[in-house]
Amino acid sequence: PVRRLIVTCSGGAFRDFRAEELANVTVEQALRHPQWDMGAKITIDSSTLVNKGFEVIEAHWLFGTPAERISVLLHPQSIIHSMVEFEDGAIKAQLGTPDRANRPGERFNFLNHPQLTFAEVDRAKYPALDIAYDCLRRGGTAACTMNGANEVAVAAFLARKCAWLDIVRAIRYALEHAAFVPSPTLADYAEANAEARALAAEFLQLKN
């Protein structure tokens with residue numbers, strides 16, 4: 001029996017930044033991921049840890065694991081990507097180099113990675129993670145609202161129309177003002193997505 005799922009995160013482009021340094025970060029800084037070469041949207045999501053919050057939600061729906069049994073650990077080397085802890089205390093980990101392109105002649109070398117480190121996620125620095133956990137526990141349209149607001153806010157940040165910190169602020173604003181449907185239909189999800197996008201845009205206009 002599975003006791004816990006453990007998802008790792010790199011900490012994104014700002015993992016070595018102090019919280020007070022985040023107010024004036026630039027698009028260029030946010031896109032400078034220390035390990036991964038990804039598209040702009042997911043790289044920004046990595047910098048806020050929104051992506052990791054969504055992975056927690058996905059893990060719940062894929063495997064039926066409750067929120068309190070899904071953990072997130074900061075792992076700067078990005079070698080271990082996920083782990084499963086079993087009731088007997090054994091843990092199985094999935095490892096690989098960050099860039100897992102098809103390279104037939106290349107093999108993972110443990111001697112090149114002699115130290116793997118882990119730390120708790122700074123929840124004050126990365127509030128999006130707790131927001132995602134809250135959306136998972138609430139269920140209904142909450143996660144859909146978070147996703148729609150995030151997409152609008154990330155696009156605005158990439159267009160240099162808002163600050164990096166405004167991404168999570170826009171998500172919070174949308175969740176605070178959106179209608180909540182506890183047992184949504186597909187049509188409810190579509191409406192929640194549209195409303196979240198409108199609310200995020202409204203918040204960002206108010207900020208400007």
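For the chain, the Cβ-based charge dipole about the Cα centre amounts to some 280 debye (Lys, Arg positive; Asp, Glu negative; other atoms uncharged).
Applying the Kirkwood pairwise sum to the alpha-carbon positions of the chain produces a hydrodynamic radius of 18.2 angstrom.
Mind grabbing the base-10 log of I(q)/I(0) for region 60-114 at q = 0.16, 0.22, 0.23, 0.30 Å⁻¹? Debye formula, identical points on the C-alpha positions, no solvent, two decimal places. The Cα Debye sum returns log10 ratios of -0.68, -1.01, -1.06, -1.32.
Tally the DSSP beta bridges in the chain and give the antiparallel ones as a percent, rounded to 5. Please report the intermediate quantities before stating the final value.
Numbers: 12 of 17 bridges.
Rounded to the nearest five, the antiparallel share is 70 percent.
Annotation note: trypsin sites (Lys or Arg not before Pro) in region 1-109 located in DSSP loop regions with a Cβ neighbour count of at most 16 within 10 Å are 18, 32, 100, 107.
For residue 190 and residue 109, the FRET efficiency from 1/(1 + (r/R0)^6), where r spans their Cβ atoms and R0 equals 30 Å, is about 0.05. Note on residue 183 and residue 19: their simple-model spin labels are 4.0 nm apart, each label 7 Å out from Cα toward Cβ.
Lys and Arg at +1, Asp and Glu at -1: add these up for the other residues within a Cβ distance under 13 Å of residue 17 and post the number. Working shown, then result.
On the way: positive: 15, 18, 32, 125; negative: 16, 20, 21, 122.
Taking every Cβ under 13 Å from that of residue 17, the sum is 0.
Pairs of alpha carbons in region 1-51 separated by more than 15 Å make up 46% of all such pairs. When the alpha carbon coordinates of region 38-134 are projected onto the principal axes, the ranges are 44, 40, 25 Å, largest first.
Would you mind telling me the antiparallel percentage of the DSSP bridges in region 1-118, rounded to 5? Could you put the intermediate results ahead of the total?
On the way: 10 of 15 bridges.
Roughly 65 percent of the DSSP beta bridges within region 1-118 come out antiparallel.
Projecting the Cα atoms of 136, 56, 10 onto the charge dipole of the chain, computed from C-beta unit charges around the Cα centre, puts 10 farthest toward the positive end.
On the chain, 53 percent of the accessible area sits on carbon and sulfur atoms, based on a 1.4 Å probe.
The values are calculated or read from the model by the stated rules, or taken from the named source; none is laboratory data. Not measured: the values here are computed from a predicted model. For neighbour counting, all protein chains shown are included, and Cβ atoms are generated from backbone atoms with ideal geometry for every residue, glycine included. Only protein heavy atoms, including side chains, enter the accessible area calculation; ligands, DNA and RNA are left aside. Shrake-Rupley method; radii C 1.70, N 1.55, O 1.52, S 1.80 Å.
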